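The values are calculated or read from the model by the stated rules, or taken from the named source; none is laboratory data. Everything numeric in this text was worked out from a predicted model, so none of it was measured. Positions of Cβ are backbone-derived with ideal geometry, glycine not excepted, and every protein chain shown enters the neighbour counts. Accessible surface areas use protein heavy atoms only, side chains included; no ligands, DNA or RNA. Shrake-Rupley method; radii C 1.70, N 1.55, O 1.52, S 1.80 Å.
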Amino acid sequence: MVVTDYHTRRTMGNVQEEGTMKFPTRWLCCTGKRSCESGSCGRISTYQSRKKEKCGPSAQECNRHAIHKRHDAAAKDYRRILEQTRRQHWRDWLEKGKDPDIWTAHRLMTQAWGDGGKARIPTLVYKVGEVENSANSNSDKGHILAKVFFPDKPPADGKLANYMYPKQCESEGSITSDQISTQLKKLKPYKAPGPDGIPNIVLTKNADLIVDRMLPIYKAMLKKSLTYKPWKEFVTVVLRKPGKPRYDTPKAYRPITLLNTMWKVITAIIANHITYITEKHQLLPANHFGRRPGRTTTDAMHLLTNRIKAAWRAGKVTSVLFLDIEGAFPNANPEKLVHNLRKRRIPTKYAKFVQAMLRERITTLRFNGYVSDHLPIDNGIGQGDPLSMVLYQYYNADLLDIPKHAEEDAVAYVDDAFMLASGKDFLSAH
């Protein structure tokens, strides 16, 4: 483990050094030449231009060549045509818009007006029992938001200790250089970096240099269930939920997680491994949709419609119970998650990797220009992690095993689910 930490720390240091190189900034000086690096000539240039505006055009400007006048006229025509084209494009888009374009237009027209600045969190009002309290300082706000975003871990389930797990479906796969290169190419180059400050663009442009260094590190992490402690630190940015009537309550805000990209690369590779094994051995219920190859939300809706119409054709009625789990990812119990992975025959190495990944995590909250103290996280599945969607499929898969009769069924799409039952009348269906 010490050797792995040393090589990981050394690799990150080299990448950070490349990503933080500073280059001299050149400014346009008063003479129009790119020779001024201090930017002091900018004030002189601004002063001289304002002085010319007050005095009117000079004799040199009046005697300009005709081609310059034609250039100015062409520039004006270009700006005018560009504005007309934009307006016409939006008119055509609105007239011909279809789903989901129409919902995008609705969101743009109904969202609150603003100047594009960062919204600050006002005084938060919360209740302790029946007593209403308020959080005024950023420290108090961070304490209240942390309780909402990261619930306490539930008591351990004693039944899991002596559970006899079935044999794993197959052995774990191997991480290869091609898999690392593929994930690096998929990174969005200009997304906000994690606590290490390494931009994605640095990793994508230097993929051929770092793949050979990261390969033995990633292999050791999977084989030995190791983790690099700094990679388990992440930043939680607090943002407003759009369309809320009031923003003085903690539940009107949502957390956005910024993870270290090098950690996201290995978790994305593990997610692909688990997805492949899941589909190969059919380890999840067939009605579990969401982040599975060849399955979409539309498929879930078609299945629901088909079951209802089939019941109508048989002269029956159908009752549907829709479930939306509040705080699904933060409330997931890591012990229960690892139990479900092993119960459904996921290779033990992956289950142990997930167990180590969710242990001893640390985050900081950022809002209003304030950074909170380190907050230990021992519960939930990390949002924003490429593995989170795959893991939650196994966490709530037991819901789909509840229906036992032919006229009962259950369908899930990650953390959303519905259960339906058919009968000769509403009472029997309920």
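Given (1) within 29 Å of Asn272 (Cβ to Cβ); (2) open to solvent by 40 Å² or more (accessible area, probe 1.4 Å); (3) among the hydrophobic types (A, V, I, L, M, F, W, C), where does Val354 come up short, assuming only one miss? Going through (1) within 29 Å of Asn272 (Cβ to Cβ); (2) open to solvent by 40 Å² or more (accessible area, probe 1.4 Å); (3) among the hydrophobic types (A, V, I, L, M, F, W, C) one by one, Val354 breaks only (2). Test Asp140 against the stated conditions and say whether it is under 28 Å from Ala351 (Cα atoms) and out of contact with any Cys (no Cβ under 9 Å at 6 or more places or on another chain). Against the criterion (under 28 Å from Ala351 (Cα atoms) and out of contact with any Cys (no Cβ under 9 Å at 6 or more places or on another chain)), Asp140 does not qualify. Of everything listed in (1) within 22 Å of the chain's Cα centre (by Cα); (2) open to solvent by 30 Å² or more (accessible area, probe 1.4 Å), the single unmet condition for Tyr165 is (1). Select from region 171-204 the residues that are open to solvent by 50 Å² or more (accessible area, probe 1.4 Å) and closer than 30 Å to Lys343 by Cα and list them in ascending order. If the condition is that a residue be open to solvent by 50 Å² or more (accessible area, probe 1.4 Å) and closer than 30 Å to Lys343 by Cα, then Ser171, Glu172, Ser174, Thr176, Gln179 are the ones that fit. Scanning region 403-417 for residues that are within 35 Å of the chain's Cα centre (by Cα) and either part of a strand (DSSP E or B) or among the hydrophobic types (A, V, I, L, M, F, W, C) (or both) yields Glu408, Asp409, Ala410, Val411, Ala412, Tyr413, Val414, Asp416, Ala417.
Taken as a whole, the condition of being assigned to a helix (DSSP H, G or I) and modelled with pLDDT of 90 or more applies to Lys76.
Among the candidates Thr305, Thr363, Thr298, Thr267, the residue that is assigned to a helix (DSSP H, G or I) and open to solvent by less than 20 Å² (accessible area, probe 1.4 Å) is uniquely Thr267.
Restricting region 205-262 to residues that are out of contact with any Ser or Thr (no Cβ under 8 Å at 6 or more places or on another chain) and small (Gly, Ala, Ser), the residue that is least open to solvent (accessible area, probe 1.4 Å) is Ala252.
Rundown of residues vs (1) in contact with a helix residue (DSSP H, G or I) (Cβ under 9 Å, 6 or more places away or on another chain); (2) among the β-branched types (Val, Ile, Thr), yes/no style:
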site: Val317; (1), (2): yes, yes
site: Glu335; (1), (2): yes, no
site: Ala351; (1), (2): yes, no
site: Gln355; (1), (2): yes, no
site: Asp373; (1), (2): yes, no
site: Pro376; (1), (2): no, no
site: Leu387; (1), (2): yes, no
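In region 232-256, the residues that are more than 14 Å from Ala146 (Cβ to Cβ) reach residues that are of a type in the set (Lys, Arg) and in a strand (DSSP E or B) with C-beta atoms within less than 9 angstrom, at least six apart or across chains, in these pairs: Lys232/Arg361; Glu233/Arg361; Leu239/Arg254; Arg240/Arg254; Lys241/Arg254; Tyr247/Arg240; Ala252/Arg240.
Examine region 141-152 for a residue that is under 26 Å from Pro255 (Cα atoms), open to solvent by less than 60 Å² (accessible area, probe 1.4 Å) and part of a strand (DSSP E or B), and state whether such a residue exists. No, region 141-152 contains no residue that is under 26 Å from Pro255 (Cα atoms), open to solvent by less than 60 Å² (accessible area, probe 1.4 Å) and part of a strand (DSSP E or B).
May I ask you to list the residues in region 315-345 that are closer than 27 Å to Met164 by Cβ and open to solvent by 70 Å² or more (accessible area, probe 1.4 Å)? Matches in region 315-345: Glu335, Arg342, Arg345.
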